[in-house]
Amino acid sequence: ATPSMNLPLDISTLTSASKSFLSGPDEVASNSTCELVLTTCDERGMQREVGGEAVTVSVCGPAKASSVVHDRKDGTYSIDVKAVVSGDYHISATIGGVAVAGPP
């Protein structure tokens with residue numbers, strides 16, 4: 001039989017949606033692309049240095065808008081959002097199904 005070892009899991013190094021955040025412009029002209037950045041952080045609030053998270057984005061507003069997520073593989077994700085109709089839009093993100101705190 002092969003001996004097994006149970007190593008302690010350091011949860012402080014796992015991604016925390018509540019410590020991660022979105023940043024980007026407050027206003028964008030209609031029919032142009034807006035780039036937001038999602039910065040993922042661990043439980044200590046330190047930026048993660050790797051990608052690979054399951055990131056989803058939701059855009060709600062007066063008209064349909066498109067969004068594309070790009071994993072930069074450095075703990076950040078660029079999110080391109082394009083709306084063809086002007087108005088107020090709410091953009092939210094999740095990491096592994098858990099809401100990121102503080103959307104723009």
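So which of G96, G24, G87, G45 is at pLDDT 90 or above and not basic (K, R)?
Working: G24 fails: at pLDDT 90 or above; G87 fails: at pLDDT 90 or above; G45 fails: at pLDDT 90 or above.
From the options G96, G24, G87, G45, the qualifying one is G96.
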Please indicate, with yes or no, whether at least one residue in region 65-80 is farther than 19 Å from P25 by Cβ, open to solvent by less than 60 Å² (accessible area, probe 1.4 Å) and not in a loop (DSSP other than H, G, I, E, B).
yes
Taking region 36-64 and keeping only residues that are hydrophobic (A, V, I, L, M, F, W, C), more than 14 Å from the chain's Cα centre (by Cα) and exposed (fewer than 13 other Cβ atoms within 10 Å of the Cβ), one is left with C60, A63
Pairs where the first residue, in region 34-60, is in a loop (DSSP other than H, G, I, E, B) and the second is of a type in the set (S, T, N, Q) and open to solvent by less than 60 Å² (accessible area, probe 1.4 Å), C-beta under 7 Å, 6+ apart:
E43/S12; E43/S16; R44/S12; R48/T15; R48/T40; E53/T15; E53/T40
How do the pairs read when you match residues in region 67-91 that are in contact (Cβ under 8 Å) with a residue 40 or more places away in the chain with residues anywhere that are among the charged types (D, E, K, R) and crowded, with 16+ Cβ neighbours inside 10 Å, using Cβ under 9 Å and keeping only pairs 6 or more apart or on different chains?
Y77/E53
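Per-residue answers, yes or no, for (1) within 15 Å of S18 (Cα to Cα); (2) of a type in the set (D, E):
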position	(1), (2)
P62	no, no
A65	no, no
D74	no, yes
D80	no, yes
A83	no, no
S86	no, no
I91	no, no
G97	yes, no
A101	yes, no
Given the conditions (1) hydrophobic (A, V, I, L, M, F, W, C); (2) open to solvent by 50 Å² or more (accessible area, probe 1.4 Å); (3) not in a loop (DSSP other than H, G, I, E, B), and given that V85 satisfies all but one, which numbered condition is not satisfied?
(3)
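The values are calculated or read from the model by the stated rules, or taken from the named source; none is laboratory data. What you are looking at is a predicted structure, and each value in this text was computed from that prediction instead of being measured. Methodologically, a virtual Cβ is constructed for each residue, glycine included, from the backbone with ideal geometry; neighbour enumeration extends over all protein chains shown. Just the protein is used for accessible areas: all its heavy atoms, side chains included, with ligands, DNA and RNA removed. Shrake-Rupley method; radii C 1.70, N 1.55, O 1.52, S 1.80 Å.
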